[in-house]
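Visitor: The structure that follows is given in the form of structure tokens.
A short reminder: the numbers here are calculations on the coordinates, not readings from a lab. Because the structure is predicted, anything quoted here is derived from the model rather than measured. All Cβ positions, glycine included, derive from the backbone under ideal geometry; neighbour counts span all protein chains shown.
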Amino acid sequence: DTEVTQTPKHLVMGMTNKKSLKCEQHMGHRAMYWYKQKAKKPPELMFVYSYEKLSINESVPSRFSPECPNSSLLNLHLHALQPEDSALYLCASSQTSNEQFFGPGTRLTVL
Amino acid sequence: GQQVMQIPQYQHVQEGEDFTTYCNSSTTLSNIQWYKQRPGGHPVFLIQLVKSGEVKKQKRLTFQFGEAKKNSSLHITATQTTDVGTYFCAGLWKTSYDKVIFGPGTSLSVIP
């Protein structure tokens, strides 16, 4: 199984809502990533988990809270988001310094 | 800080013409990766270059890594409509193998 799955595909939320994005991979990859991508821009790294531990946090606001319950799962908890947080949120996984496999993304709209 | 630059931002070509996108890093890279993202899709890995001066080919695509490991290029020969999309280079540094920084991308349009 060489697939990264993400749910939901689309999410619309208000600024006071709490929601979570989910990502799953069954390739045995030790690293998992969250990226944010705005239209016509490159993916922007948010968080990296290595062996289920947070290894990189790219100064992301605390309204985004990552969680790695186990080696196959990665969550991104959202709370009190702003309209400018609307974007495509991509999850990816990889082995050490190798190719990243991206999921299809969650398209988030914050009203 | 670590930065990856890429030119051109956009390229429109007639089907059958060649296409090249160039990538440049502010500092020496450990590896460089190339990804393609189709409109409405997600990035898909194309290749990774590791060695100084490395050249790799995939059918009509040729990838090069500069001698100083600070620049790279992707050349597509005889473009087809299936080549449409945005091509991103992504740099990796030895200080943190997990940290991949994407260039801004080159958006390729192919006119049939």
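Visitor: For a distance above 15 Å, tell me the whole-number percent of Cα pairs in segment B:3-79 that qualify. Could you put the intermediate results ahead of the total?
Guide: On the way: 1705 of 2926 pairs.
Result for the distance tail: 58 percent.
Visitor: Note down the magnitude of the dipole of chain A about its Cα centre, charges +1 on Lys and Arg C-beta and -1 on Asp and Glu C-beta and zero elsewhere, to the nearest 20 debye. Working shown, then result.
Guide: Numbers: 12 positive and 10 negative charges, 74 e Å.
Its charge dipole is roughly 360 debye.
Visitor: Also, I was wondering about something else. Tell me, A:Leu74, A:Leu111 in order of fewest to most beta-carbon neighbours within 10 Å? Mind dumping the intermediate values first?
Guide: Values: A:Leu74 27, A:Leu111 10.
The order, fewest Cβ neighbours first, is A:Leu111, A:Leu74.
Visitor: Shifting gears a bit: Send over the Kirkwood Rh of segment A:46-111, from the inverse of the averaged 1/r over different Cα pairs, rounded to one decimal Å. Numbers along the way, then the final one.
Guide: Working: mean 1/r = 0.0769 Å⁻¹.
Result for segment A:46-111, one decimal place: 13.0 Å.
Visitor: Sticking with this structure for a sec: Divide the volume of the convex hull of the Cα atoms of chain A by its number of residues and quote the answer in cubic angstrom per residue. Each step should come with its number before you reach the end.
Guide: Numbers: hull volume 10.4 nm³, N = 111.
With only Cα atoms used, chain A gives 94 Å³ per residue.
Visitor: Considering only DSSP states other than H, G, I, E and B, which trypsin sites (Lys or Arg not before Pro) in segment B:48-87 qualify as loop sites with at most 15 other Cβ atoms within 10 Å? If you can, show how the numbers build up before the last one.
Guide: Working: sites: B:Lys51, B:Lys56, B:Lys57, B:Lys59, B:Arg60, B:Lys69, B:Lys70; in loops: B:Lys51, B:Lys59, B:Arg60, B:Lys69, B:Lys70.
Here the sparse-neighbourhood loop sites are B:Lys51, B:Lys59, B:Arg60.
Visitor: Take the alpha carbon atoms of segment B:59-112, find their radius of gyration, then divide it by 2.2 N^0.38 Å using N residues; give the quotient.
Guide: Numbers: Rg = 13.6 Å, N = 54, 2.2 N^0.38 = 10.0 Å.
Relative to the rule-of-thumb radius for its length, segment B:59-112 sits at 1.35.
Visitor: Can you pull the three principal axis extents for the Cα set of the protein assembly as shown, in Å, largest first?
Guide: Cα spread of the protein assembly as shown along its principal axes, largest to smallest: 50, 38, 36 Å.
Visitor: Are there cysteines in chain A with no other Cys C-beta under 4.7 Å, and if so, which?
Guide: A:Cys68
Visitor: Quick one: order A:Met27, A:Met46 by neighbouring beta-carbon count within 10 Å, fewest to most. Walk me through the numbers on the way to the answer.
Guide: On the way: A:Met27 13, A:Met46 20.
Ascending number of Cβ neighbours within 10 Å: A:Met27, A:Met46.
Visitor: Here's a follow-up. Springs between alpha-carbon pairs under 10 angstrom, Gaussian network model over chain B: which of B:Gln11, B:Gln58, B:Gln33 fluctuates most?
Guide: Comparing B:Gln11, B:Gln58, B:Gln33 in a Gaussian network model of chain B, the most mobile one is B:Gln58.
Visitor: Compute a Gaussian network model of chain A, connecting alpha carbons closer than 10 Å, and tell me which residue from A:Asn98, A:Asn75, A:Asn17 fluctuates the most.
Guide: Fluctuation is largest for A:Asn98.
Visitor: Have a look at A:Tyr35, A:Ala87, A:Tyr49 and report the one farthest towards the positive end of the charge dipole of segment A:35-101, computed about the Cα centre with Cβ charges (Lys/Arg +1, Asp/Glu -1).
Guide: Farthest towards the positive pole: A:Ala87.
Visitor: Here is a follow-up. Only counting other Cβ atoms within 10 Å, I'd like A:Glu3, A:Glu24 sorted with the fewest neighbours first.
Guide: On the way: A:Glu3 11, A:Glu24 18.
Lowest to highest Cβ neighbour count: A:Glu3, A:Glu24.
Visitor: Moving to a separate point now. Could you compute Rg(Cα) / (2.2 N^0.38 Å) for segment A:27-75, with N its residue count? Write out the running numbers ahead of the final one.
Guide: Details: Rg = 11.3 Å, N = 49, 2.2 N^0.38 = 9.7 Å.
Rounded to two decimals, the normalised Rg is 1.17.
Visitor: Let me ask another. So if I place +1 on the C-beta of Lys and Arg and -1 on the C-beta of Asp and Glu, and nothing else carries charge, what would the dipole magnitude of chain B be about its Cα centre? I want it in debye, nearest 20.
Guide: Working: 11 positive and 7 negative charges, 75 e Å.
Rounded to the nearest 20 debye, it is 360 debye.
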